[in-house]
1. Return only the number of the condition from (1) in contact with a Phe, Trp or Tyr (Cβ under 9 Å, 6 or more places away or on another chain); (2) part of a helix (DSSP H, G or I); (3) farther than 25 Å from B:Arg192 by Cβ that B:Ala22 does not satisfy.
2. Of everything in segment B:159-169, what is more than 8 Å from chain A (Cβ to nearest Cβ) and either among the aromatic types (Phe, Trp, Tyr) or under 17 Å from the mean Cα position of the chain (by Cα) (or both)? Give them in sequence order.
3. Could you go through segment B:270-290 and let me know if any residue there is among the basic types (Lys, Arg), without any contact (Cβ under 8 Å) to a residue 40 or more places away in the chain, in a helix (DSSP H, G or I) and open to solvent by 20 Å² or more (accessible area, probe 1.4 Å).
4. Scan segment A:143-158 for residues that are at the interface with another protein chain (Cβ under 9 Å from one of its Cβ atoms) and closer than 24 Å to A:Leu303 by Cα and jot them down.
5. Restricting attention to segment B:119-137, which residues are over 20 Å from B:Ala224 (Cα atoms) and more than 10 Å from chain A (Cβ to nearest Cβ)?
6. Could you count how many residues in segment A:184-241 are farther than 25 Å from A:Ile82 by Cα and among the hydroxyl-bearing types (Ser, Thr, Tyr)?
7. Looking only at segment A:226-244, decide whether some residue is within 14 Å of another protein chain (Cβ to nearest Cβ) and open to solvent by less than 30 Å² (accessible area, probe 1.4 Å).
2 protein chains.
Amino acid sequence: MDVLVIGAGGMIGRKLTDRLLAAGEIAGRPIDRLTLADVAAPAVPAGAGLAVESVACDLAAPGEAERLVERRHDLIVHLAAIVSGEAEADFERGYAVNLDGTRMLLEAIRAAGGGWRPRLVYTSSIAVFGPPFPGDGTLPIPDDFHTTPQTSYGTQKAIGELLLDDYSRRGFVDGVGIRLPTICVRPGKPNRAASGFFSGIVREPLAGLEAVLPVDDDVRHWFASPRAAVGFLLHAAALDTGLLGARRTLTMPGVSATVAEEIAALERIAGPKAVALIRREPDPTIRRIVSVWPSAFDARRALDLGFTADADFDAIVRAHVDDERGGRLPF
Amino acid sequence: MDVLVIGAGGMIGRKLTDRLLAAGEIAGRPIDRLTLADVAAPAVPAGAGLAVESVACDLAAPGEAERLVERRHDLIVHLAAIVSGEAEADFERGYAVNLDGTRMLLEAIRAAGGGWRPRLVYTSSIAVFGPPFPGDGTLPIPDDFHTTPQTSYGTQKAIGELLLDDYSRRGFVDGVGIRLPTICVRPGKPNRAASGFFSGIVREPLAGLEAVLPVDDDVRHWFASPRAAVGFLLHAAALDTGLLGARRTLTMPGVSATVAEEIAALERIAGPKAVALIRREPDPTIRRIVSVWPSAFDARRALDLGFTADADFDAIVRAHVDDERGGRLPF
């Protein structure tokens, strides 16, 4: 199998790369060659047991997508995106990368022709949904709920889903779209993303550091660990798309948890000293942004197709302790 | 008011033009100037009581959209599109006109800047919906049902809706999208569109001509007369968009009728001799295409906002007799 990962330099891309190199196969099919692409050429992990190529590529630049797919890979995982906050701040760059980049990739595959029809795994997001939600947010969002994003990022992702369906229906690609939950616990340093605190209030205390909580404890949201997200990608890569019908994008299963439930899980795993590192500092701006985010989904289709979420928020915390902190607790 | 109609040369465009010129105003605001645009410069109706300019313009060509909006119109009605069958047959042309053309229009408006934020009425279609429908097609489709088109045309229209929402949210335009039902009775000659028979079995007998019916009598679909469609456009042009919230596109109300109900209405209005001109000639291809079309909607939002449909299918037939045949019946 010849595999291309676009956006391989990002957090999920690096974890996916590690998993692919460790397994050396996808659903029993050996990986012969792995191409890692990003705007800056991604680092090639040391000691890879198979051919790994690293490519610098700006999908939104003319001709770049054609060059990227010259090898006619069997599987393309498209993770490259301008993130939500940046797509909102830089309207043109968001559309260039998230819409035009995705379309140029699809067009490059279509133009290659010759019966080549690769599996394309496209990462969408729950940002395709916007309020009002069912039951004014009290009911889980079903698979047939309309996509009415309230950010430019969500708009661009929803457009990508539509293109993926049409290019798949026309036989140019064999697409699977997955709407990722908010990734938690996101490793690394605190950032200024509005969603950052959901990870921060777990990650920082687990490192013995203080974390700021800007919203109320009853705020509920929809989560998946990085480990679960990589699992979704691998499952999508091997899925029997004959089971999908015309609707190629699936809302991924996740864990619906309140901030209070996050904190309770942290306490069960790392004790009250960890919890004591969370400092409440209400921020009306963040509270307002978060108030329009969805809190729970009924991801029936994805569950029926074998996608599996983290068991609960405790599992999400444990995945972070195992994968990022070598199993060590701070206290 | 300075008004621009893009796609003014089409059937709905011409009827809208006639209505605008006859009224000379929209919701009490006098029209000072009307610009009619299409790929070929539309004919300017004789005796117009206000300034009318006709422009040839291919929205999909670079620079054309900028030139078109130089006047900074108060109202832009965007009707221009490659129709469903052609967008399916010519993949590239469909995307160029229906997606790129719409985006270039939005970009030209955004680029003009300077606080100009015109009302933009965008015509979408029930083609944004695809099966499986609620209750396997037995239940009306609600306003919050997802858009999963199964044609390239429907895909392009659904993408236009997303762009309209985002450009409106960002304050670049004041958009209203309307999803038109299948227009019936469509005037003119029979064409090869799969939906053509819905109009043909009424229009041809009303002209004393034979019509072919390729599907079963129990096939149900969703209709609006050309007169109702023009009414939707005018209502959208004057709508208080503060009532719309973030979701700028509305499914228009319509008449849900079976072929049998169409024929019964024809008989009530034009008698059994008209009905006798309908020749049943089953066509499995058309039957298959039509079987995935929606049959009824619960267009609650649009009704609450004052959009009004034809009263029933009799009204649709009468509108055709009045508007296209000078009130004359064939027998």
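The values are calculated or read from the model by the stated rules, or taken from the named source; none is laboratory data. Quick caveat: nothing in here was measured; it's all calculated off a predicted structure. In this analysis, Cβ positions are derived from the backbone assuming ideal geometry, glycine residues included, and neighbour counts consider all displayed protein chains. Quick note on the areas: whole protein, heavy atoms, side chains included, nothing else; ligands and nucleic acids left out. Shrake-Rupley method; radii C 1.70, N 1.55, O 1.52, S 1.80 Å.
1. (1)
2. Result: B:Gly160, B:Glu161, B:Leu164, B:Tyr167.
3. Yes, because at least one residue in segment B:270-290 is among the basic types (Lys, Arg), without any contact (Cβ under 8 Å) to a residue 40 or more places away in the chain, in a helix (DSSP H, G or I) and open to solvent by 20 Å² or more (accessible area, probe 1.4 Å).
4. Hits for segment A:143-158 are A:Asp143, A:Asp144, A:Phe145, A:His146, A:Thr147, A:Thr148, A:Pro149, A:Gly154, A:Ala158.
5. Across segment B:119-137, the qualifying residues are B:Arg119, B:Leu120, B:Gly135, B:Asp136.
6. 1
7. Yes - at least one qualifying residue is present in segment A:226-244.
Quick grid of which residues meet (1) without any contact (Cβ under 8 Å) to a residue 40 or more places away in the chain; (2) among the hydroxyl-bearing types (Ser, Thr, Tyr); (3) open to solvent by less than 20 Å² (accessible area, probe 1.4 Å):
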| residue | (1), (2), (3) |
| --- | --- |
| A:Asp144 | yes, no, no |
| A:Tyr153 | no, yes, no |
| A:Asp166 | yes, no, yes |
| A:Pro187 | no, no, no |
| A:Asn191 | yes, no, no |
| A:Gly200 | yes, no, yes |
| A:Pro205 | no, no, yes |
| A:Glu210 | no, no, no |
